[in-house]
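A short reminder: the numbers here are calculations on the coordinates, not readings from a lab. It should be emphasised that the depicted structure is a prediction, and the values quoted were computed from it without experimental measurement. Positions of Cβ are generated from backbone atoms using ideal geometry, with glycine treated the same way; all protein chains shown enter the neighbour counts.
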Amino acid sequence: MILVTGASGNVGTALLARLYADGVAAKAAYRDPRTTAQVIKSGGLAVTLDLARPDTLGPALDGIEAVFLLGATSPAQTTHELNMVEAARAVGVRVVKLSVWRADEGLSPIARLHRPVEQSLVTSGLPWTILRPNFYLQNFLRQPSIREAGEFSVPLINAPISFIDIDDVAGVAARVLTDEGHDGSIYDLTGPKALTYAEAAEVFSEILGKPVRYVGLPDDEARAAMLSRNMPEFYVDALIRVARAYCDGGAETVTSTVSDLIGRAPLGFADFVRQNRNSFD
């Protein structure tokens with residue numbers, strides 16, 4: 001049985017769908033007991049688990065062989081995930097941790113949240129695997145202005161990025177959780193090609209048949225824009241620092257890891273736009 005933390009998030013939801021489609025026994029972990037009850041009522045396997053409360057972790061791990069570990073992004077994320085590492089060590093279960101691109105270099109606040117958890121796993125004595133995906137394609141789905149105004153704005157990044165689709169991350173996670181031979185491995189996950197935001201705008205324009213432009217915002221404008229959408233201040237500041245870290249390069253590397261592990265090429269940017277055209281057109 002596999003326990004999936006972060007089950008209500010984008011990656012967790014996609015991972016559960018993949019495991020269920022493959023006939024793999026998996027249990028979804030939710031912090032809200034009402035969500036747990038709804039899932040169980042509909043015939044699913046679920047458990048209430050709060051990474052901030054270590055007393056909930058031991059019972060949730062009963063009968064579990066592997067854990068997919070992902071806590072919510074917050075100043076307490078490191079502490080919460082370390083709680084799970086400790087609970088997993090107490091019962092000896094395998095851990096597959098979803099981390100972030102170049103987490104070991106600590107280039108951004110988000111990377112620095114993940115790095116201590118990676119280090120703890122390496123020295124834990126547990127079987128572990130770490131996944132480090134690059135920027136998610138699904139971030140573009142948070143840009144209603146593509147449809148409304150023919151533009152999208154994010155903190156300024158000039159360099160190319162090898163964006164990856166969340167379903168491909170879930171596909172890798174499912175493979176690693178269910179196959180042998182991945183213990184002690186760190187996998188860098190990317191899409192098939194690196195694009196600048198300006199090049200991404202050109203792809204949008206071509207597929208949607210209308211002009212779409214990229215607006216790279218200076219830090220102060222980006223911060224104001226994200227805060228106006230009621231994004232948490234910690235998350236806003238972290239995203240701006242991510243943009244600073246990769247403004248002139250560092251996220252353009254393309255790896256073959258996705259195709260090596262799941263046997264097909266990762267989704268490209270143009271196909272992502274086509275698949276989600278209703279969200280952009």
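For region 31-155, calculate the relative contact order in percent as a whole number, restricting contacts to Cα pairs under 8 Å that are 6 or more residues apart. Could the numbers behind the result be given before it?
Values: 149 pairs, mean separation 23.5, N = 125.
Relative CO of region 31-155 lands at 19 percent.
So what J values fall out for region 127-133 if you push phi through Karplus, 6.51 cos²θ - 1.76 cosθ + 1.60 with θ = phi - 60°, rounded to Hz, Gly and Pro as x?
x, 9, 9, 10, 10, 10, x
By how many degrees, between 0 and 90 and to the nearest 10, does the Cα long axis of helix 77-91 differ from the longest principal axis of the chain?
The angle comes out near 30 degrees.
Hand me the GluC sites (Glu not before Pro) from region 179-251 located in a DSSP loop with no more than 12 other Cβ atoms within 10 Å, in residue order please.
Values: sites: 180, 199, 202, 206, 221, 233; in loops: 180.
Answer in residue order: 180.
Where does the charge balance sit around residue 213 when Lys and Arg score +1, Asp and Glu -1, over other residues with C-beta under 14 Å from its C-beta? All intermediate terms of the calculation are to be shown ahead of the outcome.
Values: positive: 147, 210; negative: 148, 151, 199, 202, 206.
Computed value for this residue: -3.
Can you list residues whose amide H is under 5 Å from residue 151's amide H, if they're 5+ apart or on another chain and H is modeled 1.01 Å from N?
146, 213
Select from 162, 120, 88 the residue farthest towards the positive end of the dipole of the chain; place +1 on Cβ of Lys and Arg, -1 on Cβ of Asp and Glu, and compute about the Cα centre.
Going by the charge dipole, the pick is 88.
Where does the chain land at 222 nm, in deg cm²/dmol rounded to the nearest 500, when only DSSP H runs of n ≥ 4 count, each adding -39500 (n - 2.57), divided by all residues? Walk me through the numbers before you get to the answer.
Details: 13 runs with 125 residues, N = 281.
It lands at -13000 deg cm²/dmol.
Hey, any idea what the orientation-averaged projected area of the convex hull of region 156-257's Cα atoms comes to, in nm²?
Numbers: hull surface 34.3 nm².
In nm², the orientation-averaged hull projection of region 156-257 is 8.6.
How large is the dipole of the chain about the Cα centre if only Lys and Arg carry +1 and Asp and Glu carry -1, each at its Cβ, rounded to the nearest 20 debye?
Numbers: 26 positive and 33 negative charges, 106 e Å.
Dipole size: approximately 500 debye.
Give, rounded to the nearest 20 debye, the magnitude of the charge dipole that region 1-142 has about its Cα centre when Lys and Arg contribute +1 at Cβ and Asp and Glu contribute -1 at Cβ. Don't skip to the answer; put the middle values down first.
On the way: 14 positive and 11 negative charges, 62 e Å.
My answer is approximately 300 debye.
Largest first and to the nearest Å, give the Cα extent of region 1-84 along each principal axis.
Extents along the principal axes, in whole Å: 34, 23, 21.
Under a Cβ-only charge scheme (Lys and Arg +1, Asp and Glu -1), can you give me the dipole magnitude of region 101-249 about the Cα centre, in debye to the nearest 20?
Details: 14 positive and 21 negative charges, 57 e Å.
In total the dipole reaches around 280 debye.
Please work out the Cα center distance from region 14-42 to region 116-139, rounded to the nearest Å.
22 Å
How many times 2.2 N^0.38 Å is the alpha carbon radius of gyration of the chain?
Working: Rg = 19.0 Å, N = 281, 2.2 N^0.38 = 18.7 Å.
Taking the Cα Rg and dividing by 2.2 N^0.38 Å, one obtains 1.01.
Mind checking which lysines have their C-alpha under 26 Å from residue 193, skipping anything on the same chain fewer than 8 residues away?
97, 210
Output the 0 to 90 degree angle, nearest 10, between the alpha-carbon long axis of helix 197-208 and the longest principal axis computed from the alpha carbons of the chain.
It is inclined by approximately 80 degrees.
Using the alpha carbons of region 110-190, what is the convex hull volume per residue in cubic angstrom, as a whole number?
Values: hull volume 9.2 nm³, N = 81.
About 113 Å³ per residue, rounded to a whole number.
Ranking request for peptides 210-220, 45-55: highest mean number of other beta-carbon atoms within 10 Å first, then the rest in descending order.
Working: 210-220: 14.9, 45-55: 17.2.
Those peptides, ordered most packed to least, come out 45-55, 210-220.
Cα axis of helix 109-122 to longest principal axis of the chain: angle in degrees, 0 to 90, nearest 10?
The helix 109-122 is inclined about 30 degrees to the chain.
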